Structures are given as structure tokens and as C-alpha cells.
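Notes follow once the structure below has been shown.
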Amino acid sequence: MCSVNEDFNIDSNSRLDSDEVNTDAESSYLQDLINGKPVRKSNSLHKMKLEGNYSKVLVIYTGGTIGMIRNERGAYVSQSNLMDLKVKSYPQLHDPTAAEEYGIMFPDENIMVLPDTGEACRVVYIIQEYNPLLDSSNMTMDDWIRIAMDIKKAYEEFNGFIVLHGTDTMAYTASALSFMLENLGKTVIITGSQIPLYEARSDGRDNLMNSLIIAGNYCIPEVTILFNNKLLRGNRSSKISTSSLDAFSSPNLSPLVKMGIGIHVEWRNVFRPSSIEKFSVHNSLNHNVGLLRLFPSITVEVVRAFLSPPIEGVVLQTYGAGNGPSQRKDLFDEFKRAHRRGVVIVNCTQCSLGQVDPSYETGRALVDVGVVPGSDMTLEAALTKLSYVLSKKEWTIQTKRNMMKANLRGELTVYKETKFEDLDVVTAIIKTLRLSSSEEVDALRDAISPAILCSIVSEGNLEKLEIMRQFGAYLSACDYDYRTPLHIASADGNIAIVEYLLKHGASIHMRDREHRTPLMNAVQNDHHEVIRLLVKAGGYLNLPSSTIADKLCSAAKENNLRRLESLNLAGADLNEVDTTKRSALHYAVEMNNEEAVRFLLEHGVNLTLCDLYGSNVCDIAKTLKHDNLLEILEKFTNTE
């Protein structure tokens, strides 16, 4: 039987129709508020104003110089449980007044809030400290897996991620994470410092502040390293100095972001994934890999020992453009034998700049014995990529070798003959305006390309969109309202354009001026096929539960089944309750919307939820004499 709460005792004669039900209910709530009853928190209106106006970032503090202090002997040592307190003491890193306001939304979390920097969102962040703290020289592959899994656990709750890390192996960690975090759609920044955060001249405060600004306001779906006002692709970076504050370099790729008076993002260089898949973590790595550096007169015994089992993958550091001692038949015989045993050998140059070029005879000789050209990968990227690729048990040896040559995460340079500036329309405008400098051309491109892309997408013209892409257009470029082509296509319900954009790296997490993602645009326009595709690509409703509840309850009140289905497909919990503790089913029953009631029941909503006055849906149906609904509710109760 459908249970009825006997304490629910409202005169049904006063409920003449649905409109009066709502009016009386609101009057009752207002009267309770006047009488001082705890109907809802007094700060709920303020909370609603704050929703959508912030970005939440998780800071994973693993250890490193940034959090060290000097001991009695003057040596730097890690100190646990100090980072939170110190960060809160720096006004450029924490605004206590704002933290008190945003604390309304996160009453159970130790939040910090970055001061207002003029960006679109205030950055709310939480520091998760590892215990024990790790010196980066002690980092292992297991620690990389731990960091990756921590990001996975918090992926949907946070808009961006920062890893505080020691500098010595930072490039290895960044490279490893770039491969392990598959189909990444959010910003992950690894940073640290050369001078501890707590010292007067520390570079750590700026590094942390800049990381928070970018992670909270810019959707750059890569694992990156931020140091000295530059954001570098993680798997293109290496540590180049033990003493300079400019400790990291990306020799074969310019910075993704340069931070000066303004923040300049080189969107054309941001890596774009090409698959429609949800974010996932590959949580295994192959430990049987190593680095072998050639040098004049290296003995065959050394090479043979290095290539012996259990080794499965080797990064071979060669001379110049990937050249080896081609007259050393003994060495090349060892390379050939290892290749036949299934060892994957990758050729990387010992030089910082440039790439492996097999056009030289001495480089071609290595290809002939099965060594894979490593292009311009850093040693850190090549080694961690090799560990990642070899751990893919579903791939054959040949597939693994092919993957080492493929550009998986932007770790290899892809040379293009054409440039976006050569596009006819842009060239014509440049000539008309007599633009000459590269800065003027870049500014023009940045101004007009989003408008052109959004116009093409609005027309649904795939052919023109492909032309733009071939000329290097950034498919996640946003217009003056921060809308991307994917926002437009999702709102229009153009499934073909949406699929094309996703396959060419369009970001599903970028938000427009109203803080709407492409998924929210699809939901608001009830484009169910688009919603399914965006969810398949990793989209989700990044909204406060109270906002989701309001949308569900509104749809139920209006008997809007398409909207209920849209929200359900997007992953909304149909049992969410509003500030009066009423769910969508409460409203559907109250308004006698039988179709909405059936929809919600068929999707397994909870019939026993009680509102602020302790009333469940059966109570409401009985009081309002909705006998048709009582029969339906009892039927579903008996089948549970």
C-alpha cells in the first residue's frame, strides 16, 4: 500500500485547484519564515547569487620545494600541515571576506578564495595534502598513478586541477599524466617553485596564483607546467636550470600561455583530442623501460646487457638528428636481435632543439634494424610514453611501435604546409586594412575567426567548417559572449556538426557568459540526440544540486516530459529536492500531471521522500483527492 503520513492534516476544502495549492503553500512558507521557523537558510538568496559565479579548483599538494622550510641546520625539509595556514596568510592568494561568503556553498570544506583578478569567475580552491609529503626525486610510477586516480575521483566536482610538485622530476610526472589521463577535458597544471613559498623572495606565490587563475578560468584540456609566467605543455618540457627561476623550457613548442600585464593564450597550439569518449584514467604503467645514451666507443657488452630481459622498451639517445655509429655492426646486430624479441626501441636525439631525421644514412640504418624514430620528443616524454604504450595489453607489438610514432597528446610536432593566415577571406581583409605586422594579423585573426566559425556552424555548413579547420582554425574559439561553435551547434541541435566538432577536439567544458556549457544548451532546447552524444564525450551537468532541482521541479509542474527526459539523459538525479525539500514528483502530484508522474515513476524515483512538512507524495495525492494518481502510486509501491 501507498503509505500516508497521518500527521499531514490540511483542510482539503481550501485546495480548490492547483493554483490555489501553490498560493496556499507559499503563504504557509512565508508565514513560517515570519514566525522564525527554519524553513530555509537565511542566506539562501545570497547563495543563489553566488552560484555560477565561481570556478572550483583542486590543488593536490604532493611535496617539493614550494612547501619546504629550513630546519635547525639550515637545510630545506618538508613540513606537513602547514600549507593551508601559510596560503591563507598571503593576500594575493586568499581573500578571507570572499571565503566567508562562498563558505555558504561549501560549509563542510576548508575553502580558499583567490582575490578578484578581473577574470570571469572567482576561483574557489581546496588543498589536498599528501601524507607523507614526497620529495620529487623519490617519485615513482605508483605515485603518478595515485595522482591520476585522485584527479579521476574529483573530476566532476572541480573545474580544474593543480598539482604542487618538486621540480626535479616534474617533467616526468607531467609527461606521464598527459598519457594516463585519457580524453582529458579540463585544465591540469603542475607547478612548484625554486624558492619555498614561505620565503620573502619565493617564486612559488606567483606560480600558484597564476596556476589558479588559468585552471579556474581557461579551459586548456592538457597536462601543463606553469613556471615563471609561462604555461608549457607538460610532455614538451624539461628542467633546464637548478638555480634560475626560469627553470623549465619547451624547446620545440612555444608556450601555450604567456602572462604579462595581460594573459595571452596561444589557442592554435592547444592540443585537440579526436575521439568522442568520456574522461578516463589508464592506471597501469610498464616498469621495464629505460634510457640508453650512446657515446663514442660504447661497448657491445653494455648495449647487450641493457637490452636483455626483462627490458621491454628503450629510449635510445643518439647523436644529432638521430644518428648512430652505422659502422658498428656489433651494436646494430644487438638492436636487431632486441627488435625481433619484441623490445620497442625509440630513437631520440641528445640535442635539446630539433628532431630525429632519418634522411641521413646513419639515421636510416637505425630504422632498418627496427628502431622507431622519436621525432622531437623530450626524453621524459619518450620514456613515459613508452611505459604507457607498453602497458596497453590489447595492442600488438606492431601497434605499440606505430603508437610511439603517432602524436597521442601533442608530444610530437606535426608540420603543416598551410597557415590560417592564408585563408582567402583573411588575406583579403589584411590587404584591405593594410596590415603588416604579425601582431596586427594575429589580432585580426583572433577577432574574426570566432565569428566566422559560429556563422558557419549556424548555417550547418560542414564543408566550410572543414576548410576552416584545414587552415588551422581553433574550433573552440569563443565569441564576445564566450560561446564556442559547439555551444551554437548544441543549441541548434545539429547532430552532424556536433559530432564533427567533438571529433576534432572541441571542448565540452567551456562555459559562455551565462556559465552555460554546450550540454546545458542542448538540454534547454531538448535536443536528445545531441545530449546523448555530449554525455558520451564526457559532458555532465556541472550545476549546483539546488539548480538542478529547480529545473526538474519546474519541468514537472509544467508537465514538460521532453525537458524531464533531457535532464535525465544529461545525468540529473531525478530525486533532487528544492529548498522546501520537494522533489519533481511532489510537484507533478500536486499539479495532477499524470504524464509527468508516470515518467518519474518509470525512472525509479523515490516515493518516500518527505518535504519540509514531512509530507510524501501519497499524502499530497490523498489530501488533494487525486485518486487517479493514488492508484498509480500504489501500483508502483506494490511493485517495488
Problem set entry | Selection status of VAL523, in contact with a Gly (Cβ under 9 Å, 6 or more places away or on another chain), at pLDDT 90 or above and closer than 19 Å to GLU156 by Cα | no
Problem set entry | the stretch 535-574: number of residues that are farther than 30 Å from ALA496 by Cβ, part of a helix (DSSP H, G or I) and of a type in the set (Asp, Glu) | 1
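State yes or no: is THR224 at pLDDT 95 or above and either small (Gly, Ala, Ser) or under 15 Å from THR62 (Cα atoms) (or both)?
Working: at pLDDT 95 or above: yes; either small (Gly, Ala, Ser) or under 15 Å from THR62 (Cα atoms) (or both): no.
Answer is no for this residue.
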Exercise. Do any residues in the stretch 346-373 that are farther than 12 Å from TYR319 by Cβ have Cβ atoms under 6 Å from those of residues that are basic (Lys, Arg) and at pLDDT 90 or above, where the two are at least six apart or on different chains, and which pairs are they?
Worked result: VAL369/LYS336; VAL372/ARG401; VAL372/LYS405
Exercise. Do we find a residue being touching a residue at least 24 places away in the same chain (Cβ under 8 Å), in contact with a strand residue (DSSP E or B) (Cβ under 6 Å, 6 or more places away or on another chain) and within 29 Å of ASN53 (Cβ to Cβ) anywhere in the stretch 196-210?
Worked result: yes
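Report yes if ARG364 is modelled with pLDDT of 70 or more and charged (D, E, K, R), otherwise no. So that I can check it myself, show each step before the final result.
Working: modelled with pLDDT of 70 or more: yes; charged (D, E, K, R): yes.
Yes; evaluated as a whole, the condition is true for this residue.
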For this session: Collect the residues in the stretch 594-640 that are assigned to a loop (DSSP other than H, G, I, E, B), surrounded by fewer than 15 Cβ atoms within 10 Å (Cβ to Cβ) and of a type in the set (Ser, Thr, Tyr), keeping them in residue-number order.
Result: THR608
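Filter the stretch 200-221 down to the residues that are part of a loop (DSSP other than H, G, I, E, B) and hydroxyl-bearing (Ser, Thr, Tyr) and list them by number. If you could, list the steps in order and put the result at the bottom.
Residues of the stretch 200-221 part of a loop (DSSP other than H, G, I, E, B): 200-203, 218-221.
If the condition is that a residue be part of a loop (DSSP other than H, G, I, E, B) and hydroxyl-bearing (Ser, Thr, Tyr), then SER202, TYR218 are the ones that fit.
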Exercise. Can you tell me how many residues in the stretch 115-146 are among the acidic types (Asp, Glu) and over 22 Å from MET510 (Cβ atoms)?
Worked result: 4
Exercise. Would it be correct to say that TYR587 is without any contact (Cβ under 8 Å) to a residue 60 or more places away in the chain and of a type in the set (Phe, Trp, Tyr)?
Worked result: yes
For this session: Pull up the stretch 295-335, narrow it to residues that are surrounded by 16 or more Cβ atoms within 10 Å (Cβ to Cβ) and among the charged types (D, E, K, R), then point me to the one that is farthest from SER387 (Cα to Cα).
Result: ARG328
Exercise. Taking the stretch 515-540, which residues are touching a residue at least 60 places away in the same chain (Cβ under 8 Å) and under 21 Å from ASP479 (Cα atoms)?
Worked result: HIS515
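For the stretch 175-205, enumerate the residues that are among the acidic types (Asp, Glu), surrounded by fewer than 22 Cβ atoms within 10 Å (Cβ to Cβ) and under 28 Å from LEU379 (Cβ atoms). Break it down stepwise before answering.
First, the residues of the stretch 175-205 that are among the acidic types (Asp, Glu): 182, 199, 203.
From what is left, the residues that are surrounded by fewer than 22 Cβ atoms within 10 Å (Cβ to Cβ) are 182, 199.
Listed by number, the list holds a single entry, GLU182.
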Exercise. Quick one: would you say LEU541 is buried (at least 22 other Cβ atoms within 10 Å of the Cβ) and either under 16 Å from the mean Cα position of the chain (by Cα) or among the small types (Gly, Ala, Ser) (or both)?
Worked result: no
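Please list, ordered by residue number, the strands (runs of 3 or more DSSP E) wholly in the stretch 74-174 having 2 or more residues that are in contact with a Phe, Trp or Tyr (Cβ under 6 Å, 6 or more places away or on another chain) and either buried (at least 16 other Cβ atoms within 10 Å of the Cβ) or aliphatic (A, V, I, L, M) (or both).
Values: elements: 76-78, 122-129, 160-164.
So the answer is 122-129.
Which of the following residues is part of a loop (DSSP other than H, G, I, E, B) and either at pLDDT 90 or above or within 26 Å of TYR482 (Cβ to Cβ) (or both): ARG532, ARG513?
On the way: ARG532 fails: part of a loop (DSSP other than H, G, I, E, B).
After applying the criteria, what remains is ARG513.
Specify the residue that is nearest to the chain's Cα centre (by Cα); the eligible residues are those in the stretch 222-246 that are crowded, with 24+ Cβ neighbours inside 10 Å and assigned to a loop (DSSP other than H, G, I, E, B).
As a first pass, look at the stretch 222-246 and keep what is crowded, with 24+ Cβ neighbours inside 10 Å: 222-227, 231-237.
Pick out the ones that are also assigned to a loop (DSSP other than H, G, I, E, B) and you get 222, 237.
Details: GLU222: 8, SER237: 20 Å.
Among residues in the stretch 222-246 that are crowded, with 24+ Cβ neighbours inside 10 Å and assigned to a loop (DSSP other than H, G, I, E, B), the one nearest to the chain's Cα centre (by Cα) is GLU222.
The values are calculated or read from the model by the stated rules, or taken from the named source; none is laboratory data. Being a predicted model, the structure only gives us computed values, none of them experimental. Virtual Cβ from ideal backbone geometry, glycine too; neighbours counted across all protein chains shown.
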